Amino acid sequence: MKLLSPTKENLQTAAKAIKSGLLVAFPTETVYGLGADGFNPTAVAKIFEVKRRPEFQSLSLMLPDKSYIKEVAELDNKKAIYLIEKFLPGPLTLVLPKKKSVPDIVTGGKATVGIRIPENRIALNLLHLAGIPVAAPSANLYGKLSPTSAEHVAEQFGESVDFIIDGGETRLGLESTIIEVVNNKFTLLRNGGIPVEEIEKAIDEKIIPAQTKSAKKNPALNKIKTAFIDKVNLDNIEREKTGLLLFTEKNIYGNFAVVKSLSGKGNLEEAAVNLFAALRSFEKEDIDLLLFEKIPQKGLGRAIMDRLRKITG
């Protein structure tokens, strides 16, 4: 880990690092973010690994300016456009329908993506030099407080992060407000740096807090039933109508209609990157049952297993 002052040369170094797949922590007006190339699934997987997140929660993308929004999100709501004009750059994250250019690992497999333009000179300079959308959740370990200084980041991550830009204490120390805009409906996902009352006044519309939903444990995978392979009796299934998702290419379970693996040699980063595309590919197959091999419960394996558990129920 290298702690860098925010000089032009150092920001250029950090921007090149992001574009080459490395992780860079940097200040915003809210808290420090942990940045990776938002179009590089492998780099994004490192965020989950380093933060030790036990699940693939969606990540927001930080953008250099408003012109980049069209690259990652669909924006056709006039009130949402007004919020962007009024509050961005600033501590507001808008969750919008995503474009195909955004990797599934960024959105946790969801059809929406959060976008934000920070109101911090150092962050904006870094983003402009990188010239790409940057996935940048708060730079803290899972379950720990969000960092408001470079020292906080260094204490938590040590050598796990390639560069930390030291921009001093953050101005707000509070995460951004998150508003979802889908089907012309505005939903508050998180209170933050901009009071929701200000946003409601700006668009002359009541924003409804997100309902606390009971975990939906068995979402339809194109109506394919799912289970972990060690939970079923293989003598009682119709293998010609069954798919199998392996961790590695080693198959000790016999023949099935379709067999796919997440990583040839058991690399957890590679498995995380391939997870959502692999699941989606099974939807196109003529199968009634999909079996999952369990993933080692370490590092990114915990996040992969969390996602598979949510599918299997």
Taking H placed 1.01 Å from N in the peptide plane, check which residues at least 5 places from Leu4 or on another chain put their amide H under 5 Å from its amide H.
-> Ile164, Ile165, Asp166
About the Cα centre of the stretch 75-127, how large is the charge dipole given +1 on each Lys and Arg Cβ and -1 on each Asp and Glu Cβ? Please answer in debye to the nearest 20.
-> 100
Isotropically averaged projected area of the stretch 81-121, using the convex hull of Cα atoms (one quarter of hull area), nm² | 3.4
Helical contribution to [θ] at 222 nm, DSSP H n ≥ 4, -39,500 (n - 2.57), averaged over the chain, rounded to 500 | -8500 deg cm²/dmol
Quick calc, the stretch 225-312, dipole around Cα centre from Cβ unit charges on Lys, Arg (+) and Asp, Glu (-), nearest 20 debye, gives 360
Gain in span if fully extended, Lys86 to Lys225, counting 0.36 nm per residue against the direct Cα distance = 45.4 nm
May I ask for the equivalent-ellipsoid semi-axes of the stretch 66-213, computed as the square root of five times each C-alpha gyration tensor eigenvalue and listed largest first in whole Å?
-> 26, 18, 16
³J(HN,Hα) computed for each position of the stretch 31-37 - Karplus, 6.51 cos²θ - 1.76 cosθ + 1.60, integer Hz, glycine/proline x = 9, 6, x, 10, x, 9, 4
Kirkwood-type radius of the stretch 217-313, with distances r between different C-alpha atoms, in Å = 13.4
Can you list the equivalent-ellipsoid semi-axes of the chain, largest first and in whole Å, using the square root of 5 times each Cα gyration tensor eigenvalue?
-> 36, 24, 16
Can you run phi through the Karplus equation (6.51, -1.76, 1.60; θ = phi - 60°) for the stretch 118-130 and list ³J(HN,Hα) in whole Hz, with x for Gly and Pro?
-> x, 9, 8, 4, 5, 4, 5, 4, 4, 5, 5, 5, 6
Calculate one ³J(HN,Hα) per residue across the stretch 131-141 by plugging θ = phi - 60° into the Karplus curve 6.51 cos²θ - 1.76 cosθ + 1.60, and present them in order as whole Hz with x for glycine and proline.
-> x, 9, x, 10, 6, 8, x, 4, 8, 9, 5
Given backbone amide H placed at 1.01 Å from N, residues whose amide H is under 5 Å from that of Ala73, ignoring those fewer than 5 places away on the same chain, are Lys99
The helix 268-282 Cα axis meets the longest alpha-carbon principal axis of the chain at an angle in degrees, between 0 and 90 and rounded to 10, of 60
Mind ranking 161-167, 73-79, 230-236, 31-37 by how tightly packed they are, going by the mean number of other C-beta atoms within 10 angstrom, highest first?
-> 31-37, 161-167, 73-79, 230-236
Nearest 10, in degrees from 0 to 90: the angle of helix 8-19 to the longest Cα principal axis of the chain is 20
Between Lys185 and Lys265, what is the spin-label point distance in nm, taking each point 7 Å from the Cα along the Cα→C-beta axis?
-> 4.7
So who's got an amide H within less than 5 Å of the one on Gly35, skipping anything under 5 residues away but keeping other chains? H placed 1.01 Å off N, in plane.
-> Val24, Ala25, Phe26
Go ahead and run the numbers for FRET between Lys284 and Ser67, Cβ-Cβ distance against an R0 of 25 Å, rounding to 0.05.
-> 0.10
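No value in this document is a laboratory result; all are computed from the given coordinates. Quantities reported herein were computed from a predicted structural model and do not represent experimental measurements. Cβ atoms come from the backbone with ideal geometry, glycine included; neighbour counts cover every protein chain shown.
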